[in-house]
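Q: Take a look at this one; I'll ask things after.
The values are calculated or read from the model by the stated rules, or taken from the named source; none is laboratory data. These numbers come from a predicted model, not from an experiment. Cβ placement follows ideal geometry from the backbone for every residue including glycine, while neighbour counts extend to all protein chains displayed. Only protein heavy atoms, including side chains, enter the accessible area calculation; ligands, DNA and RNA are left aside. Shrake-Rupley method; radii C 1.70, N 1.55, O 1.52, S 1.80 Å.
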Amino acid sequence: MNRMKIVTYNVNGLRPRISQFGSLRKLLDSFDADIICFQETKLSRQEFRADLVQAEGYESFFSCTRTTEKGRTGYSGVATFCRVNSVFSSNEVSLPVSAEEGFTGVLKDFSVSGYKKVEYSPLIEGLEDFSADELLKIDGEGRCIITDHEHFVLFNIYGPRAVADDTERIQFKHNFFNILQKRWESLLHQGRRIFVVGDLNISPFAIDCCDAGPDFEKNKFKSWFRSLLVDNGGAFFDVFREKHPQRREAYTCWPTNSGAEEFNFGTRIDHILGAGPCLHKEETQGHSLVACHVKECDILDQFKRWKPGSTPRHKEQKTRNGKMEGSDHAPVYVSLVDIPNAQQHSTPSLSTRYCPQVYGCQQTLVSMFARRQSAEDSNLSGGSNFISDDASGHTKSSVICKKKARKSQSSQLSLKSFFKKTVGGCSESTSFCSNKELTQEDFSIGEPSETFLEGCEHNEVKELQEKATKQCGLVQDDMSQAAEKKNNNALVEWQRIQQLMQTSIPLCKGHKEPCVSRVVKKPGPTLGQRFYACARAEGPASNPEANCGFFKWATAKSKKKR
């Protein structure tokens, strides 16, 4: 029997999280988990590189956005990482026996290259009314990876978001969860056990939202979520609420720019759901997958962007305007107990281990370094593989070397070049000052040539060297003074701009503090317009230390022309 830990985390971009932790391996190890499910990876398959999708000791399975509709390329994406000791002939439960991208089944009937339709037949009942193109649209945003771990099936889900006035996305979200539920019901009918983890973009109860209004629970997606639960006749347990039924302010997501974590002003939209029978041979009343095998489920607060003791956002200009490091979500984990070993199996073909983009790139790099090393070895050993004779009897390699040497000499002229023998009354370096901008390197002192020394007295040479040194010092002084003057001018200008900004930025009415400047990003008639708002972090209206709600347009809105 084994213990297992599963973590779900909306990373808000896998690349910045890897950069934050130093490497993908360090990011994964920080959870100390057997299965780690990421959402919103924001990667396309064309961007796959080994350092982004593979880490030693883990097998990974990705689903990426394929649609370019409304600029959604690289918008979502999910990834499941499984910590394993062996990828071949393993009995580890963390290594899936099979893996699937999407949940409609349509991607199975499309070729890997370009996902061109071959032939589609519905995977589950109830999808006959949907065309293959409609199902491809559902799975085309890279919102689901399914991994079968023999004793349970794990769904890694990134649920779509839909604002109230976007009817198209509301319909998309409705179709998404409707079809997803049909897939769950099909598996449960087969006697399978299911865990659903991820950012579903739904907070089901008023206790799960910081500013729930009186009509909060009437939302149809929140009603749908609650209908899944055992208490309402459904098959699923909200695992976190099973362990912490009355915990308040247990949020997993906060607004990205308002610093709402300072006052824990957020929502709980990252979930772990479980359904199905327990693994005991003899079941009695009260037995279930969650009741018998879930030891703990909680939020990993240490991954939150806002750390206790941090300077409040309104206290420092840098904090007020800068983004906090990390994702705007916190991970959630579940600990399982008494999970038997699986049968011997190997990693599924969906693993990035077999991904052409990653494998092909690695092969190219290996072959490139191999060719480079081979060329270097041949040149060093005097081999003939990369050297051939030209018509003049010189080897090509020697010609190339001589050309490079001449080019190097001409690009790094020094005072030494002025002492070279003159030809036809002209120095070989007469064009130096007229064709090349002077730098410090150009005034480096070299030793005079033997030819020159033959016709000059020692004192004359010494005098020339002293003059050259003096000239070099004068040029350096001029350059330093010019740079210092430029920096001083820039500093004065920046101070002027800062003073102007301070005098033009209004004070919020609640705290009499300078506001922050922001730009409207929501599509509409005010898109791109700048406004001022209270600099403090969002929080409950009852908290006088939180944002006072002050708002003012930066410029007077132009009147509509009649």
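Q: Could you grab me the full set of residues in region 207-234 that are in a loop (DSSP other than H, G, I, E, B) and either among the basic types (Lys, Arg) or open to solvent by less than 50 Å² (accessible area, probe 1.4 Å) (or both)?
A: Looking only at region 207-234, we keep the residues that are in a loop (DSSP other than H, G, I, E, B), and these are 210-215, 219, 228, 233-234.
Correct list: CYS210, ALA212, GLY213, LEU228, GLY234.
Q: Restricting to region 185-210, give me the number of residues that are within 30 Å of the chain's Cα centre (by Cα) and either of a type in the set (Phe, Trp, Tyr) or more than 20 Å from SER63 (Cα to Cα) (or both). Break it down stepwise before answering.
A: Kept after step one, since they are within 30 Å of the chain's Cα centre (by Cα), are these residues of region 185-210: 194-204, 208-210.
Adding the requirement that they be either of a type in the set (Phe, Trp, Tyr) or more than 20 Å from SER63 (Cα to Cα) (or both) leaves 195, 202-204, 208-210.
Qualifying residue count for the region: 7.
Q: Consider region 16-58. How many of its residues are surrounded by 19 or more Cβ atoms within 10 Å (Cβ to Cβ), polar (S, T, N, Q) and either in contact with a His (Cβ under 7 Å, 6 or more places away or on another chain) or under 23 Å from ILE272 (Cβ atoms) (or both)?
A: 2
Q: Only one of VAL290, VAL332 is touching a Gly at 6+ places or on another chain (Cβ under 6 Å), open to solvent by less than 70 Å² (accessible area, probe 1.4 Å) and of a type in the set (Val, Ile, Thr); which? Working first, answer last.
A: Numbers: VAL332 fails: touching a Gly at 6+ places or on another chain (Cβ under 6 Å).
Answer to the check: VAL290.
Q: Listed residues GLU69, GLU125; which is closer than 23 Å to VAL196 by Cβ and either at pLDDT below 85 or β-branched (Val, Ile, Thr) (or both)? First the steps, then the outcome.
A: Numbers: GLU69 fails: closer than 23 Å to VAL196 by Cβ.
The conditions single out GLU125.
Q: Based on what the data block shows, is HIS280 surrounded by 20 or more Cβ atoms within 10 Å (Cβ to Cβ) and assigned to a loop (DSSP other than H, G, I, E, B)?
A: Numbers: surrounded by 20 or more Cβ atoms within 10 Å (Cβ to Cβ): no; assigned to a loop (DSSP other than H, G, I, E, B): yes.
Against the criterion (surrounded by 20 or more Cβ atoms within 10 Å (Cβ to Cβ) and assigned to a loop (DSSP other than H, G, I, E, B)), HIS280 does not qualify.
Q: Quick check on my filter: what residues within region 181-206 are hydrophobic (A, V, I, L, M, F, W, C), in a helix (DSSP H, G or I) and either in contact with a helix residue (DSSP H, G or I) (Cβ under 8 Å, 6 or more places away or on another chain) or open to solvent by less than 40 Å² (accessible area, probe 1.4 Å) (or both)?
A: Of all residues in region 181-206, those hydrophobic (A, V, I, L, M, F, W, C) come to 184, 187-188, 194-197, 200, 202, 205-206.
From what is left, the residues that are in a helix (DSSP H, G or I) are 184, 187-188, 206.
Of everything in region 181-206, those that are hydrophobic (A, V, I, L, M, F, W, C), in a helix (DSSP H, G or I) and either in contact with a helix residue (DSSP H, G or I) (Cβ under 8 Å, 6 or more places away or on another chain) or open to solvent by less than 40 Å² (accessible area, probe 1.4 Å) (or both) turn out to be TRP184, LEU187, ALA206.
Q: So, one more: For region 5-15, what are the residues that are assigned to a helix (DSSP H, G or I) and either under 25 Å from PHE152 (Cβ atoms) or touching a residue at least 60 places away in the same chain (Cβ under 8 Å) (or both)? Spell out how you get there, then give the answer.
A: Step one: list which residues in region 5-15 are assigned to a helix (DSSP H, G or I), which gives 14-15.
LEU14 - this is the single residue of region 5-15 that is assigned to a helix (DSSP H, G or I) and either under 25 Å from PHE152 (Cβ atoms) or touching a residue at least 60 places away in the same chain (Cβ under 8 Å) (or both).
Q: Provide a single number: the residues in region 1-15 that are buried (at least 16 other Cβ atoms within 10 Å of the Cβ), among the hydrophobic types (A, V, I, L, M, F, W, C) and more than 22 Å from GLU141 (Cβ to Cβ).
A: Qualifying residue count, region 1-15: 3.
Q: Checking the condition in contact with a Pro (Cβ under 9 Å, 6 or more places away or on another chain) and either within 17 Å of GLY159 (Cα to Cα) or touching a residue at least 60 places away in the same chain (Cβ under 8 Å) (or both), which residue from SER90, SER94, SER98, SER63 passes? Give the derivation first.
A: Working: SER90 fails: in contact with a Pro (Cβ under 9 Å, 6 or more places away or on another chain); SER94 fails: in contact with a Pro (Cβ under 9 Å, 6 or more places away or on another chain); SER63 fails: in contact with a Pro (Cβ under 9 Å, 6 or more places away or on another chain).
Going through SER90, SER94, SER98, SER63 in turn, the sole match is SER98.
Q: Also, quick follow-up: Considering only region 222-234, I want to know if a residue exists there that is of a type in the set (D, E, K, R) and in contact (Cβ under 8 Å) with a residue 24 or more places away in the chain.
A: The answer is no, given that none of the residues of region 222-234 is of a type in the set (D, E, K, R) and in contact (Cβ under 8 Å) with a residue 24 or more places away in the chain.
Q: Given ARG305, ARG313, ARG320, which one is at pLDDT below 95 and assigned to a helix (DSSP H, G or I)? Break it down stepwise before answering.
A: Values: ARG305 fails: assigned to a helix (DSSP H, G or I); ARG313 fails: assigned to a helix (DSSP H, G or I).
That would be ARG320, the only listed residue that is at pLDDT below 95 and assigned to a helix (DSSP H, G or I).
Q: Evaluate the following for ARG536: is it charged (D, E, K, R), open to solvent by less than 90 Å² (accessible area, probe 1.4 Å), at pLDDT 85 or above and assigned to a strand (DSSP E or B)?
A: no
Q: Still on this model: Filter region 269-320 for residues that are among the hydrophobic types (A, V, I, L, M, F, W, C) and more than 24 Å from CYS253 (Cα to Cα) and give the result.
A: Of the residues in region 269-320, the ones among the hydrophobic types (A, V, I, L, M, F, W, C) are 269, 272-273, 275, 278-279, 289-292, 294, 297, 299-300, 303, 306.
Residues satisfying the conditions are ALA275, CYS278, LEU279, LEU289, VAL290, ALA291, CYS292.
Q: For region 245-277, what are the residues that are among the aromatic types (Phe, Trp, Tyr) and either touching a Pro at 6+ places or on another chain (Cβ under 6 Å) or in a loop (DSSP other than H, G, I, E, B) (or both)?
A: Initial filter on region 245-277 (among the aromatic types (Phe, Trp, Tyr)): 251, 254, 263, 265.
Across region 245-277, the qualifying residues are TYR251, TRP254, PHE265.
Q: Just give me the residues in region 31-44 being among the small types (Gly, Ala, Ser) and touching a residue at least 40 places away in the same chain (Cβ under 8 Å), in sequence order. Full working, then the answer.
A: Restricting attention to region 31-44, the residues satisfying the condition of being among the small types (Gly, Ala, Ser) are 33, 44.
If the condition is that a residue be among the small types (Gly, Ala, Ser) and touching a residue at least 40 places away in the same chain (Cβ under 8 Å), then ALA33 is the only one that fits.
Q: Of the numbered conditions (1) in a helix (DSSP H, G or I); (2) buried (at least 16 other Cβ atoms within 10 Å of the Cβ), ASN178 satisfies every one except a single condition; which is it?
A: Going through (1) in a helix (DSSP H, G or I); (2) buried (at least 16 other Cβ atoms within 10 Å of the Cβ) one by one, ASN178 breaks only (2).
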